[in-house]
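Step one of this worksheet: look at the structure below.
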Amino acid sequence: MAIDTMTTTMSGEEMIALSKKHTLFEWSAQSKVDPIPIARAKGIYFWTPEGKRFIDFNSQLMCVNIGHGDERVIRAVQHQIEVLAYANPFMATEPRARLAAKLAEITPGDIDVFFFTNGGAEANENAIKLARLATGRHKILARYRSYHGATAGSMMLTGDPRRWAAEPGMPGVVHVLDPYHGIERGWDPADQSLAMIDEVIQLEGPHTIAAFILESVTGTNGVLVPPDGYMQGVRELCTKHGILMICDEVMAGFGRTGEWFAIDHWKVVPDLITMAKGLTSAYVQLGAVGMRRGIADHFTDKVFYGGLTYNSHPVACAAALASIRVYEEDKLLENARRMGAVMKSVHADLARRHPSVGAARSIGLFGLIELVRDKAKKVPLAPFNGTSEEMQALSKFFRQEGLYTFVRWNTFFTNPPLCITEAELREAFSIIDRALDITDKAVH
């Protein structure tokens, strides 16, 4: 059958059938894939071709921070395509120049030089490369409860089980434990976790370690907000041993936590910072590595051995500039803080009323709820790296009721677009409230 490439009126069933036949879906056995067909989106909502409305309570993949369909970004992209759709990365363009200068204004401390990539995984790849070239060292510290991307190097930085199938991979990565040990064991205090990291540094040899990469607030491994003093302590350890501190802000950046970058909450300046997702609010693919001037100066007379065909793509840079203007004009960081306070109170209310809620964590509009089948013993409702009938039933209920969010292991996420109103937030949580009646039945 010939496919009309201009057709825009496919049914949801046709979308799914052709997508499953001719494309691979990520992180899935293809026979288990059951995608939601999506035809259009606006604000915090998206619709199937048949008109069913979903609340996008995950900002798609924690990335459509400004909300769907913002005309200011759409117009900026259209204008840039009309003027200059592409220039190779050896050239200078106005969007590239303006975006780098703007990022220098909003990134922490003296970070003011940027290398642009296609997304977060490539940003982390290039952060590794920069750190190794700048220090002359080889090893990279990373944490177990982490995800840094699915490209070859970033996959090895990743600590969670998504790494396993890709091993053996890039050598030189040393994983360390997080302050958090799962809902049953809970948290270590900052000083205890820092002492463990310091011991690993000593045992590995400080002179061999180029960098320590960590998500400022851990994303898909639990929205783990570090305990007070932890980030400051990591900064001190890195400075003490000449190790570069890399903050992965791919998911936590651009207002998600109520600040431009999550690391700003602790007033810590990393040596390198990686970003993507909210940089353009995913309207166009773009990532970046930001670096302090001293690291950039290393490459004044030395070659930076890195490159990408779409580095500094003018359309993507234009989308990022427009997206940043939306954050500023609509005061979305302030809204994330205000709505984040509402979300925290709703989380607490759900935890009081539902025995299956074992923990609820959030910072700004970056939230997660952990479910348990035994509240006293904190037994998770699904095993590590697994699922359960109850979690599957929860996911099914969300979908039936028109709520889209990320359900993983014994957790689900509450990460709406930053433009959400209190009424919209409470509409979503009313669905979640009813859904938790399902998981409460599993508690004993």
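The values are calculated or read from the model by the stated rules, or taken from the named source; none is laboratory data. Model, not experiment: these values are computed from the prediction. Using ideal geometry, Cβ is built from the backbone for each residue, glycine included, and neighbour counts are taken over all protein chains shown.
Looking across the stretch 124-143 at every residue that is more than 15 Å from C238 (Cβ to Cβ) and either under 16 Å from the mean Cα position of the chain (by Cα) or modelled with pLDDT under 95 (or both), the one that is surrounded by the most Cβ atoms within 10 Å (Cβ to Cβ) is identified as N124.
Within the stretch 220-229, is even one residue within 21 Å of A104 (Cβ to Cβ) and in a loop (DSSP other than H, G, I, E, B)?
Looking through the stretch 220-229, none of the residues is within 21 Å of A104 (Cβ to Cβ) and in a loop (DSSP other than H, G, I, E, B).
Conditions tested, residue by residue: (1) within 13 Å of the chain's Cα centre (by Cα); (2) part of a loop (DSSP other than H, G, I, E, B).
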{"residue": "E236", "(1), (2)": "no, no"}
{"residue": "C247", "(1), (2)": "yes, no"}
{"residue": "G253", "(1), (2)": "yes, yes"}
{"residue": "W260", "(1), (2)": "no, yes"}
{"residue": "D264", "(1), (2)": "no, no"}
{"residue": "T274", "(1), (2)": "yes, no"}
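For the stretch 368-396, residues that are among the small types (G, A, S) and surrounded by 17 or more Cβ atoms within 10 Å (Cβ to Cβ) total 3.
Within the stretch 328-345, residues that are in contact (Cβ under 8 Å) with a residue 60 or more places away in the chain have Cβ atoms under 9 Å from residues that are in a helix (DSSP H, G or I) and of a type in the set (A, V, I, L, M, F, W, C) in these pairs: L332/V326; M339/L425; V342/L425; M343/L425; M343/F429, counting only partners at least 6 apart in sequence or on another chain.
Here A442 clears all of (1) within 23 Å of the chain's Cα centre (by Cα); (2) in a loop (DSSP other than H, G, I, E, B) except the condition numbered (1).
Tell me, which residue of the stretch 309-362 that is in contact with a Phe, Trp or Tyr (Cβ under 6 Å, 6 or more places away or on another chain) and of a type in the set (A, V, I, L, M, F, W, C) is farthest from G258 (Cα to Cα)?
Filtering first and then ranking leaves A319.
Note on the stretch 276-322: among residues that are outside any helix (DSSP H, G or I) and among the charged types (D, E, K, R), the one that is surrounded by the most Cβ atoms within 10 Å (Cβ to Cβ) is R292.
Among the candidates T107, T48, T93, the residue that is of a type outside the set (D, E, K, R), over 24 Å from the mean Cα position of the chain (by Cα) and either closer than 25 Å to N415 by Cβ or assigned by TED's automatic domain parsing to the domain that holds P417 (or both) is uniquely T48.
Among the candidates A282, A318, the residue that is among the small types (G, A, S) and touching a Pro at 6+ places or on another chain (Cβ under 6 Å) is uniquely A318.
More than 21 Å from the chain's Cα centre (by Cα), assigned by TED's automatic domain parsing to the domain that holds V250 and farther than 30 Å from P314 by Cα: is that true of A195 in this structure? So A195 fits the description; yes.
So is L194 part of a strand (DSSP E or B), touching a residue at least 24 places away in the same chain (Cβ under 8 Å) and either touching a Gly at 6+ places or on another chain (Cβ under 6 Å) or at negative phi (or both) or not? When the stated conditions are applied, L194 does not pass them.
Residues are listed down the side, and each one gets a yes or a no for (1) surrounded by fewer than 19 Cβ atoms within 10 Å (Cβ to Cβ); (2) within 23 Å of F254 (Cβ to Cβ); (3) among the aromatic types (F, W, Y); (4) touching a helix residue (DSSP H, G or I) at 6+ places or on another chain (Cβ under 9 Å):
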| residue | (1), (2), (3), (4) |
| --- | --- |
| F366 | no, yes, yes, yes |
| F398 | no, no, yes, yes |
| V407 | no, no, no, yes |
| P417 | no, yes, no, yes |
| E422 | yes, yes, no, yes |
| A428 | no, yes, no, no |
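Summed over the stretch 350-387, the residues that are under 24 Å from I55 (Cα atoms) and either assigned to a helix (DSSP H, G or I) or more than 22 Å from the chain's Cα centre (by Cα) (or both) give a count of 6.
Do you know which residues across the stretch 204-219 are farther than 14 Å from D178 by Cα, in a loop (DSSP other than H, G, I, E, B) and within 24 Å of the chain's Cα centre (by Cα)? Passing the criteria: none in range.
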